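Right, one structure below, let's go through it.
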Amino acid sequence: MRPSGRKIDEMRTVSIETGVTMHAEGSCLIKMGNTHVLCTASVDEKVPPFLRNSGLGWVTAEYGMLPRATHTRMRREAKNGQSGRTQEIQRLIGRSLRAGVDRAALGERQIQVDCDVIQADGGTRCAAITGGWVALKLAVNQLMKAGAVLSDPLADPVAAISCGIYAGQEVLDLDYPEDSEAGVDGNFIMAGEKLVEVQMSAEGATFTRAQMEGLLNLAEAGIAELRAAQLAAVS
């Protein structure tokens, strides 16, 4: 039995509210159960120096957690410097979102996606990627409406979900009680129906190829649900 009472292949309740900030070109608040992440996308008509005069656009991301997003208060990273965990997560978000972008169609501009965790209950990086794509898509829609971008550079939604082995069972969408005790933990990122990245590690128990394939099957089903929610949010 899962702590939440969910079935092994049951997602937490997912909601995506768009247009939650007045200034960003694209924004949403994604809720996956008790994990809540604010995602904003900001358009900059300049690119990093290494891309100047290339004709290619760029998408990058930043990630952070509010001090009381977790059970106990954390010190602000702006005061103490980013942790290795934060740097690793924001690099993951950036390269995941870029995997779904036609950078030539985007043109020589940069879109910065900011993902701020308001409340954490497991799966924050997955929620950030999923909501980050929605914010990115809304920003691109504005560029297309203005005629700055002529063809949609976002072919397929990019979404992510966690899966793991908890109490000997393969389960979908780990919340914090499961994530903290899982024998095996994995994050699966997909662009459309293609894999972008898979992160799996033994957290106290090894796993077989069959178990890995079982987790991938769960992830594919979960991401299909997330993709439907993303498309509904941006339609």
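Just so it is clear, none of the values below were taken in a lab; they were calculated from the coordinates. What you are looking at is a predicted structure, and each value in this text was computed from that prediction instead of being measured. Neighbour counts run over all protein chains shown; Cβ positions are idealised from the backbone, glycine included.
Can you work out which of the residues in the range 205-220 that are surrounded by 13 or more Cβ atoms within 10 Å (Cβ to Cβ) and of a type in the set (A, V, I, L, M) is farthest from Met11 (Cα to Cα)?
Top of the filtered list is Met212.
With the requirement that a residue be without any contact (Cβ under 8 Å) to a residue 60 or more places away in the chain and crowded, with 22+ Cβ neighbours inside 10 Å, what does the range 157-170 give you?
Ser162, Cys163, Gly164, Ile165
Please give the helices (runs of 4 or more DSSP H) falling wholly within the range 37-134 in which 1 or more residues are under 25 Å from Glu193 (Cα atoms).
The qualifying helices (runs of 4 or more DSSP H) are 84-98, 103-106.
All but one of (1) in contact (Cβ under 8 Å) with a residue 12 or more places away in the chain; (2) touching a Lys or Arg at 6+ places or on another chain (Cβ under 7 Å); (3) more than 11 Å from Arg109 (Cα to Cα) hold for Pro67; state the number of the condition that does not hold.
Only one criterion in (1) in contact (Cβ under 8 Å) with a residue 12 or more places away in the chain; (2) touching a Lys or Arg at 6+ places or on another chain (Cβ under 7 Å); (3) more than 11 Å from Arg109 (Cα to Cα) is unmet by Pro67, namely (1).
Within the bounds of the range 151-159, is there any residue that is under 25 Å from Gly186 (Cα atoms) and of a type in the set (Asp, Glu)?
Yes - at least one qualifying residue is present in the range 151-159.
Residues that are assigned to a helix (DSSP H, G or I), in contact (Cβ under 8 Å) with a residue 60 or more places away in the chain, among the aliphatic types (A, V, I, L, M) and out of contact with any helix residue (DSSP H, G or I) (no Cβ under 7 Å at 6 or more places or on another chain): does the range 184-191 have at least one?
No: zero hits.
Checking the condition farther than 29 Å from Val59 by Cβ, exposed (fewer than 14 other Cβ atoms within 10 Å of the Cβ) and aliphatic (A, V, I, L, M), which residue from Ala202, Ala182 passes?
On inspection, the qualifying residue turns out to be Ala202.
Being exposed (fewer than 14 other Cβ atoms within 10 Å of the Cβ) and among the charged types (D, E, K, R) is the filter here; which residues of the range 131-156 pass it?
Lys145 - this is the single residue of the range 131-156 that is exposed (fewer than 14 other Cβ atoms within 10 Å of the Cβ) and among the charged types (D, E, K, R).
Determine whether Thr206 is polar (S, T, N, Q) and either in contact with a Lys or Arg (Cβ under 8 Å, 6 or more places away or on another chain) or in a loop (DSSP other than H, G, I, E, B) (or both).
Against the criterion (polar (S, T, N, Q) and either in contact with a Lys or Arg (Cβ under 8 Å, 6 or more places away or on another chain) or in a loop (DSSP other than H, G, I, E, B) (or both)), Thr206 qualifies.
Quick one: in the range 35-79, of everything that is of a type in the set (S, T, N, Q) and exposed (fewer than 15 other Cβ atoms within 10 Å of the Cβ), which residue is nearest to Arg12 (Cα to Cα)? Full working, then the answer.
Let us first name the residues in the range 35-79 that are of a type in the set (S, T, N, Q), namely 35, 40, 42, 53-54, 60, 70, 72.
Still in the list and also exposed (fewer than 15 other Cβ atoms within 10 Å of the Cβ): 53-54, 72.
On the way: Asn53: 45, Ser54: 42, Thr72: 23 Å.
Only one residue fits best here, namely Thr72.
Under 8 Å between Cβ atoms, which residue pairs at least 6 apart in sequence (or on different chains) link something in the range 44-56 that is within 14 Å of Arg98 (Cβ to Cβ) and in contact (Cβ under 8 Å) with a residue 24 or more places away in the chain with a partner that is loosely packed, with under 11 Cβ neighbours inside 10 Å and among the acidic types (Asp, Glu)?
Every condition considered, no pair remains.
From Arg6, Arg12, grab the single residue that is touching an Asp or Glu at 6+ places or on another chain (Cβ under 6 Å) and either surrounded by 18 or more Cβ atoms within 10 Å (Cβ to Cβ) or assigned to a loop (DSSP other than H, G, I, E, B) (or both).
Only one candidate passes the filter, namely Arg12.
Identify all residues within the range 15-36 that are of a type in the set (D, E, K, R) and either within 30 Å of Arg103 (Cβ to Cβ) or in a loop (DSSP other than H, G, I, E, B) (or both); write none if there are none.
Residues satisfying the conditions are Glu17, Glu25.
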